[in-house]
Amino acid sequence: MSDASRNKGPHDIGGEEAGPVDTIDHGMKFWERQANGLRSVLRERDLVRTDELRRAAEDLGEQYSKLEYFERTTSALRTVLLEKNLITEDELKSKMAEVRARFNVPDEMESPLKKGARR
Amino acid sequence: MTSASPPVAKPRYPSTYNPAPGHRFNVGDRIAIRRTFPPGHRRTPFYIRGKQGVIERICGAFANPEELAYGFDGEPKKVLYRVRFLQKHVWPDYNGPQHDTIDMEIFEHWLEPLPDTRN
Amino acid sequence: MSNPSFDYYAQQKHGHAHEHDHARDKHAAIETREGPPSEYEIMSRAMQELLEEKDLITADQVRQKMERFEEELPYRGSKVVARAWTDPEFKQRLLEDGKAACAEMGIDLEADRLIAVENTPAVHNVIVCTLCSCYPRSLLGMPPTWYKSSNYRSRVVFEPRAVLKEFGTELAEDVTVRVHDSNADMRYLVIPMRPEGTDGWSEEQLSEILTRDTLVGVTTPGVTRK
């Protein structure tokens, strides 16, 4: 495998064949708007950098194309927050369990961190 | 890039552009994008690597995203240029008119000079 | 099963299980739910809560950003271009230095650096970010789903005319289609051609036909308004 193909990130898609564009704007769910707000606040306060978030998304490899846009950005934010030790893996696991319980989501719904990407 | 200054001093507004001290290239210079495929976070898309274009505008010096992405400060800043390409020079089988173009921003360290054919 | 009327922020602020408590908390966002939250939604909320608990951010800051993105930012681009249509000297300044021209109008682009590109009878501009989804958010708000889609990102750079056709836009062969891949620090706004039949229109009337899609360059403004 040449350097060219080995080092092409999953995000670097300009020029690839693809299907028709769905020209309807499907908007954003509430949590996505909130996630965008969160990212915006963090960048403004210089807690994370846009470039770091982009890089973390690009490092998703095969998962990149399997996740939706805000799933990618959320995954990228998690990576950068952990890198900078602004949150820890344990803290996140506990908090997610707490949030899950608040929504009465059944425990059987496994985290994609364990399961891998899902469509 | 700007017209002559009026006689009355204008208030200073923030500019789109940054200063570009020591910039290597000038508007109208014919250049090629380096044909290299290093790993890591790059803002030079794969599809433009090795292609020939013309400097359309000097944007100024900006912190290097290739460093910012990994938590470094991106200094020293690198000069960013807008480069214009003829689509037919980018895609071997471009099926639109020959005068269609594509523009993008490229950092100075990705650019190589081409001989000026008028010399 | 999750409560479809669950309003997380109202509950958190007042510490009791009340949904739709926005009579008391005017900043509580109204949320309608279409099913249980995904793992990523849970992850995002968990991260936000942790950062709030660590006093790195506040819920108010996030809420204010959400409001700004929803209620303010999306309308600014059309105002700027409507001004450019009515004031040729402003248009010139906008083309020379987009950020300064917006500041002149009292529109602070914050981190964005704007390059305005003008459609003419000879040139049609269209904007993309192939690498992610860079977009002039400070002028247009959040990008539409199609702009972020892989099909748009990958195809508009090598077959712009085919993609534009999918949006209902066809251009003559003698018009140059110019694609801008916003891959670094600049952000782009298209100044469409002002259509015939708009003489004497106010800036407000003009801004109504300057829809988001016309400012990204996938459509051109029409005079028949919705």
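In table form, for the structure just shown:
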quantity: Subset of region A:67-101 (residues that are part of a helix (DSSP H, G or I) and more than 8 Å from every other protein chain (Cβ to nearest Cβ)); calculated: A:Arg72, A:Thr73, A:Ala76, A:Thr79, A:Val80, A:Leu82, A:Glu89, A:Asp90, A:Lys93, A:Ser94, A:Ala97, A:Ala101
quantity: Residue that is nearest to the other protein chains (Cβ to nearest Cβ) [pool: residues in region B:79-100 that are aromatic (Phe, Trp, Tyr) and outside any strand (DSSP E or B)]; calculated: B:Trp91
quantity: In region B:28-41, residue farthest from the other protein chains (Cβ to nearest Cβ) [restricted to those that are in contact with a Phe, Trp or Tyr (Cβ under 8 Å, 6 or more places away or on another chain) and in contact (Cβ under 8 Å) with a residue 40 or more places away in the chain]; calculated: B:Ile31
quantity: Some residue of region C:60-74 being within 14 Å of chain A (Cβ to nearest Cβ) and of a type in the set (Phe, Trp, Tyr); calculated: yes
quantity: Of the criteria (1) under 24 Å from C:Val157 (Cβ atoms); (2) within 11 Å of chain C (Cβ to nearest Cβ); (3) among the aliphatic types (A, V, I, L, M), which one A:Ala35 fails; calculated: (1)
quantity: Enumeration of residues in region A:5-21 that are closer than 22 Å to A:Leu60 by Cβ and in contact with a Ser or Thr (Cβ under 7 Å, 6 or more places away or on another chain); calculated: A:Pro10, A:Ile13, A:Gly14, A:Gly15, A:Glu16, A:Ala18
quantity: Selection count, region A:49-66, where residues are within 12 Å of chain B (Cβ to nearest Cβ), of a type in the set (A, V, I, L, M, F, W, C) and either surrounded by fewer than 21 Cβ atoms within 10 Å (Cβ to Cβ) or under 8 Å from the mean Cα position of the chain (by Cα) (or both); calculated: 1
quantity: Among (1) assigned to a loop (DSSP other than H, G, I, E, B); (2) under 25 Å from B:Tyr94 (Cβ atoms), the one test that C:His180 misses; calculated: (1)
quantity: Yes/no for B:Gly50 being in a loop (DSSP other than H, G, I, E, B) and either farther than 30 Å from A:Leu86 by Cα or within 10 Å of the chain's Cα centre (by Cα) (or both); calculated: yes
quantity: Qualifying residue in region B:26-39 (condition: assigned to a loop (DSSP other than H, G, I, E, B) and buried (at least 18 other Cβ atoms within 10 Å of the Cβ)); calculated: no
quantity: Residue match in region C:59-67 (condition: at pLDDT below 95 and in a helix (DSSP H, G or I)); calculated: no
quantity: Residue check for C:Ala103: under 20 Å from the mean Cα position of the chain (by Cα), assigned to a helix (DSSP H, G or I), within 8 Å of another protein chain (Cβ to nearest Cβ) and more than 18 Å from C:Thr220 (Cβ to Cβ); calculated: yes
quantity: Residue list for region C:151-191, filter: of a type outside the set (D, E, K, R), at the interface with chain B (Cβ under 7 Å from one of its Cβ atoms) and touching a residue at least 40 places away in the same chain (Cβ under 8 Å); calculated: C:Thr176, C:Val177, C:Val179, C:His180, C:Asn183, C:Met186
quantity: Pairs, first at the interface with another protein chain (Cβ under 9 Å from one of its Cβ atoms) and in contact (Cβ under 8 Å) with a residue 12 or more places away in the chain in region B:56-74, second assigned to a helix (DSSP H, G or I) and among the small types (Gly, Ala, Ser), C-beta under 9 Å, six or more apart; calculated: B:Ala69/A:Ala56
quantity: Residue match in region B:101-117 (condition: part of a loop (DSSP other than H, G, I, E, B), at pLDDT 95 or above and more than 16 Å from B:Asp29 (Cα to Cα)); calculated: no
quantity: Where C:Arg153 falls short, out of the listed (1) in a helix (DSSP H, G or I); (2) out of contact with any helix residue (DSSP H, G or I) (no Cβ under 6 Å at 6 or more places or on another chain); (3) farther than 27 Å from C:Glu70 by Cβ; calculated: (3)
quantity: Candidate set: region C:160-189, residues that are farther than 15 Å from C:Gly217 by Cβ and out of contact with any strand residue (DSSP E or B) (no Cβ under 8 Å at 6 or more places or on another chain); chosen: the one surrounded by the most Cβ atoms within 10 Å (Cβ to Cβ); calculated: C:Glu173
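This table checks each residue for (1) closer than 17 Å to C:Gly217 by Cα; (2) surrounded by 16 or more Cβ atoms within 10 Å (Cβ to Cβ); (3) touching a Cys at 6+ places or on another chain (Cβ under 7 Å).
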site: C:Ile57; (1), (2), (3): no, yes, no
site: C:Met66; (1), (2), (3): no, yes, no
site: C:Arg76; (1), (2), (3): yes, yes, no
site: C:Thr86; (1), (2), (3): no, no, no
site: C:Leu95; (1), (2), (3): yes, no, no
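The values are calculated or read from the model by the stated rules, or taken from the named source; none is laboratory data. Since we're looking at a predicted model, the values are computed, not measured. Note: ideal-geometry Cβ built from the backbone for every residue, glycine included; neighbour counts use all protein chains shown.
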